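Engineer: This is the structure I want to talk about, given as structure tokens.
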Amino acid sequence: MSSTLISLVIDNTGLHGNFPEDVFRFPFLQKFNLTRNVFLTGTLPKYNWSSSLRFLDLSEANFSGKLPDTIGNLIYLNVLNLSGTSSPDTLGDLNMIDLSFSKIKGSIPTSFWNCTTITSLDLSGNKFTGEVATSLSKLSQLKSLNLSGNNFEGKFPDVAISAN
């Protein structure tokens, strides 16, 4: 495929097998949608993501493993959907991260808290462990938060709530 590719939508195609990690590295890729390919497996790359990525939807595809710490470095990312149940269809001004029921384990990556413009964060139904970091307070635009169904430990962080 061309390295100038900016949009790749391959949803509901019945693809089988392991999806190549290199596709995440196309330098100009902005929209990437593989939703509803339940027989497609893969993992998210640990390094060298396309820095221009704005929309990533892998919902209802069998991507698994640990959420890489580098995901928080995608400063232009508006929509990240790795859920098992929903899939936004358009690239818009949404600032939503939906990782619900996506088989992710381990702790929430520290760079994740750099995604300060998100308004909706759903991490429910996974195997996240450890504590919820006090860095949660950096998400000042957050309107909806769902952390249910995980294995978090310790106290919930004392975060300031502003009346907007």
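Here, each number is a calculation from the coordinates, and none is a lab measurement. What you see is a predicted model, and the numbers here were worked out from it, not measured in a lab. Cβ: placed from backbone, ideal geometry, glycine included. Neighbour counts: every protein chain shown.
Engineer: Once R0 is set to 30 Å, what does the formula 1/(1 + (r/R0)^6) return for the Cβ-Cβ distance between F39 and K155, expressed as a FRET efficiency to the nearest 0.05?
Structural biologist: In this case the efficiency is close to 0.15.
Engineer: When only C-alpha pairs under 8 Å and at least 6 residues apart count, what is the relative contact order of the chain, in percent?
Structural biologist: Reported as a whole number, the value is 15 percent.
Engineer: Could you tally the net charge around K46, taking each other residue with its Cβ under 14 Å from the Cβ of K46, Lys/Arg +1 and Asp/Glu -1?
Structural biologist: It works out to a net charge of -1.
Engineer: Also, I was wondering about something else. Starting from the exponent 0.38 and prefactor 2.2 Å, build the expected Rg for the range 7-152 from its residue count and divide its actual Cα Rg by it.
Structural biologist: Against the compact-globule rule of thumb, the ratio is 0.97.
Engineer: While we're looking at this one, here's another question. Under a point-charge model restricted to the Cβ atoms of Lys and Arg (+1) and Asp and Glu (-1), what is the dipole moment magnitude of the range 7-152 relative to its Cα centre, in debye to the nearest 20?
Structural biologist: 240
Engineer: Separate question: Put +1 on the Cβ of every Lys and Arg and -1 on every Asp and Glu Cβ in the range 7-152; which of V38, V132, F24 then has its Cα farthest towards the positive end of the dipole?
Structural biologist: Working it through, the farthest residue towards the positive pole turns out to be V132.
Engineer: Could you list the chymotrypsin sites (Phe, Trp or Tyr not before Pro) in the range 7-83 that lie in coil according to DSSP, counting only those with at most 14 other Cβ atoms within 10 Å of their Cβ?
Structural biologist: F28, F39, Y47, Y76
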